[in-house]
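In what follows, a single structure is set out as structure tokens and then discussed.
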């Protein structure tokens, strides 16, 4: 057995209690003591030493353990894993926090240097990552996200499809729209469809007159053409828009980049204010930074993250298998239309079947109790920021900033297990699977959903007793808050949820069939109250320009109270709702005190200035 050869610095808190401290620093060594003077280097080593302290019941361990990170960036090559052995107690939780006043980043990225000028481009070799060539879909230059080369700078100038040939799995488009990528080996089409987009890897393009037949790789080709919802629009004047990306020929605007995967070279067209000798270029390399995994019988409990930044994650499924989502970024793994339609008592007849996968996240939780995130920053991420998945009870996310995220800002609860048809009621035998009693309060969500436009700031699926309150949500591509799942009114696990005093504005930047707050399913005791919703975008390429709302109770929504929400107008939708909903006093006539009180409370304002 490895001997516990460390010296622990014991610090006295103002409460009179003592807690053990383990210090780490990017310049430390995992052979050090772990004291403030001689810190460790990695969080993995700190967690291992903390486990050993608990295992041997070191004197004073009952007062908790504080793992403190000194200023700097901590690069990780695999997820940091927390297990039941890392649990604290309710009275003395384990804390993982930045040193006072320090900026601490846990990064899944890799720096790329050695830039040289080649005509209008800057070029660098992409080194192997952890012994293998690296592919990626995002790039950050001096802390700012660069643009993967695409055919339009302004999305209002996107081309439109001409025909959706389901039988032959072809999209017919204007030939001129694809002429630049005829010989591009890995070009992709990003297709706009009602309430979500599809990332489709182009297999071949065959020009016929002024049109071109575009075929795609599998599995996305099969999924794209067999599913009925959402589907491309071909109505005259409302044809679905698309843009092309990932081809050297499309690299023509400052701030754009292209990665030649075959040659492992990175091309970048610099912005005017950038200096080739002063570049900090980061590419993402791993999908998950922190993975907290317990079991229903032995959860990970009572851990608090404080003042930590989580950055530079990747998500490679769209590159490897395409991405064909159903809604809120949850992607289809199998889908097809059914005939005759399935009869469902109390619900619309069902015309399709679908099974789902869940996008990657920077921080993931399953089998936990009371895991908190206080004043953390989730930024520069390819997919979801924070994901409370299966079997989580409690947990508070407060004072945190979610910014520059490709997918959902935060996800809570099941969106149908992978083997569970997504329209079938979810009511597991073991109710501990259900996420419950999470509190999402006083946070800012800004510029999330900036790649997968059909994602949302806060996505809560099959959950109960959760609180989403006093958050600000702005500059999002689709809906602000989505609560519920299943498209049916059958009783299930959802109940007693609260969405209160959130400030949601400048939403629907790219998608319609949208609302500031959106619900699905039977949710007895659920309350949507005193939210402030205003300023919706009006992109010119959406499928039905009038199909937008401030509040939207969608299919199966039942026993939900919607009251005292301030909105600019009374533009609401109740679509195929079940029984028991109460709508009361919503619109511009609501007292202005709702506008004043919505969003993060004053003591958190300084965090987001």
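A compact table of results
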{"quantity": "Exclusive hit being in contact with a strand residue (DSSP E or B) (Cβ under 8 Å, 6 or more places away or on another chain), more than 20 Å from residue 290 (Cα to Cα) and surrounded by 15 or more Cβ atoms within 10 Å (Cβ to Cβ), set 88, 34, 113, 108", "calculated": "34"}
{"quantity": "Top-ranked residue of region 511-533 - restricted to ones that are touching a residue at least 60 places away in the same chain (Cβ under 8 Å) and assigned to a loop (DSSP other than H, G, I, E, B), ranked as nearest to residue 573 (Cα to Cα)", "calculated": "513"}
{"quantity": "Residue within region 296-317 that is closer than 23 Å to residue 158 by Cα and in contact (Cβ under 8 Å) with a residue 12 or more places away in the chain present", "calculated": "no"}
{"quantity": "So residue 540, is it modelled with pLDDT of 95 or more, buried (at least 21 other Cβ atoms within 10 Å of the Cβ) and assigned to a loop (DSSP other than H, G, I, E, B)", "calculated": "no"}
{"quantity": "Options 109, 131, 143, 64; residue that is out of contact with any helix residue (DSSP H, G or I) (no Cβ under 6 Å at 6 or more places or on another chain) and free of Cβ contacts under 8 Å to residues at least 12 places away in the same chain", "calculated": "131"}
{"quantity": "Residue, surrounded by the fewest Cβ atoms within 10 Å (Cβ to Cβ), within region 543-574, restricted to residues that are over 11 Å from residue 518 (Cα atoms) and out of contact with any strand residue (DSSP E or B) (no Cβ under 7 Å at 6 or more places or on another chain)", "calculated": "546"}
{"quantity": "Test: residue in region 172-185 that is in a strand (DSSP E or B) and touching a helix residue (DSSP H, G or I) at 6+ places or on another chain (Cβ under 7 Å)", "calculated": "no"}
{"quantity": "Residue in region 240-259 that is surrounded by 16 or more Cβ atoms within 10 Å (Cβ to Cβ) and under 22 Å from residue 337 (Cα atoms) present", "calculated": "yes"}
{"quantity": "Odd one out for residue 269 among (1) crowded, with 18+ Cβ neighbours inside 10 Å; (2) within 20 Å of residue 164 (Cβ to Cβ); (3) in contact with a strand residue (DSSP E or B) (Cβ under 6 Å, 6 or more places away or on another chain)", "calculated": "(2)"}
{"quantity": "Region 492-510, residues that are in a loop (DSSP other than H, G, I, E, B) and either within 13 Å of residue 528 (Cα to Cα) or in contact (Cβ under 8 Å) with a residue 40 or more places away in the chain (or both)", "calculated": "492, 493, 496, 497, 501, 502, 508, 509, 510"}
{"quantity": "Strands (runs of 3 or more DSSP E) wholly inside region 331-430 containing at least 3 residues that are under 21 Å from residue 521 (Cα atoms), out of contact with any helix residue (DSSP H, G or I) (no Cβ under 7 Å at 6 or more places or on another chain) and modelled with pLDDT of 95 or more", "calculated": "350-357, 410-412"}
{"quantity": "So residue 604, is it at pLDDT below 95, in contact with a strand residue (DSSP E or B) (Cβ under 9 Å, 6 or more places away or on another chain) and over 30 Å from residue 239 (Cβ atoms)", "calculated": "yes"}
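The values are calculated or read from the model by the stated rules, or taken from the named source; none is laboratory data. Computed from a predicted model, the values in this text were never measured in an experiment. Cβ coordinates were reconstructed from backbone atoms using ideal geometry, including for glycine residues, and neighbour counts include every protein chain displayed.
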